[in-house]
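Report on the following structure.
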Amino acid sequence: MAPGDQAQSDERVEVGTLQDVLAALSDPVRLEMVRRMHAGGRPTPCAQLYDGVGKSTASHHFKILREAGVIDRSVIGGQTHQDLRLADVEAAYPGVLSSILAVPPAR
């Protein structure tokens, strides 16, 4: 974060049930969003996380991932970012998210 930037986070929700997490990751668009967050390794601006879907559709996908406890949303320098909660999901369900992310994307 650059000096002067402030991060504001929404209230963090608990990681959902295993079924919630797997359901959130079952959609190919959401899985690609999570892959991009993982590759970035830090909070990522929303627009960098999706292609081929509209902004409202992307917002819906982010909401599902947030409600499952897979991601957090924050505002940094006036721009909304999404952040993968890999450590939290792994603590709740060891190996699940890391195993999913280790599988190469379908082409």
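Of the residues that sit in the range 50-107 and are in a strand (DSSP E or B) and of a type in the set (A, V, I, L, M, F, W, C), which one is farthest from the chain's Cα centre (by Cα)?
Quick first cut of the range 50-107, residues in a strand (DSSP E or B) only: 71-76, 79-84.
Pick out the ones that are also of a type in the set (A, V, I, L, M, F, W, C) and you get 71, 75-76, 84.
Working: 71: 4, 75: 14, 76: 16, 84: 4 Å.
So the residue we want is 76.
Among the residues of the range 9-49, which ones are farther than 17 Å from residue 85 by Cβ and part of a loop (DSSP other than H, G, I, E, B)?
Those that are farther than 17 Å from residue 85 by Cβ and part of a loop (DSSP other than H, G, I, E, B): 26, 27.
Within the range 41-57, can one find any residue that is under 19 Å from residue 103 (Cβ atoms) and among the β-branched types (Val, Ile, Thr)?
Checking the range 41-57: not a single residue is under 19 Å from residue 103 (Cβ atoms) and among the β-branched types (Val, Ile, Thr).
Suppose we keep only residues that are surrounded by fewer than 15 Cβ atoms within 10 Å (Cβ to Cβ) and of a type in the set (S, T, N, Q) within the range 76-106. Which one would you say is nearest to residue 58 (Cα to Cα)?
The residue in question is 79.
Quick one: residue 71 ticks every box in (1) at pLDDT 95 or above; (2) in contact with a strand residue (DSSP E or B) (Cβ under 7 Å, 6 or more places away or on another chain); (3) surrounded by fewer than 16 Cβ atoms within 10 Å (Cβ to Cβ) bar one, so which box is it?
Every listed condition holds for residue 71 apart from (3).
Among the residues of the range 32-42, which ones are more than 9 Å from the chain's Cα centre (by Cα) and surrounded by 13 or more Cβ atoms within 10 Å (Cβ to Cβ)? Let's see the steps before the verdict.
Of the residues in the range 32-42, the ones more than 9 Å from the chain's Cα centre (by Cα) are 32, 39-42.
Result: 32, 40.
The values are calculated or read from the model by the stated rules, or taken from the named source; none is laboratory data. Note that the structure is a prediction, hence the values are computed from the model and not measured. Glycine gets a Cβ as well: all are built from the backbone with ideal geometry, and neighbour counts include every protein chain shown.
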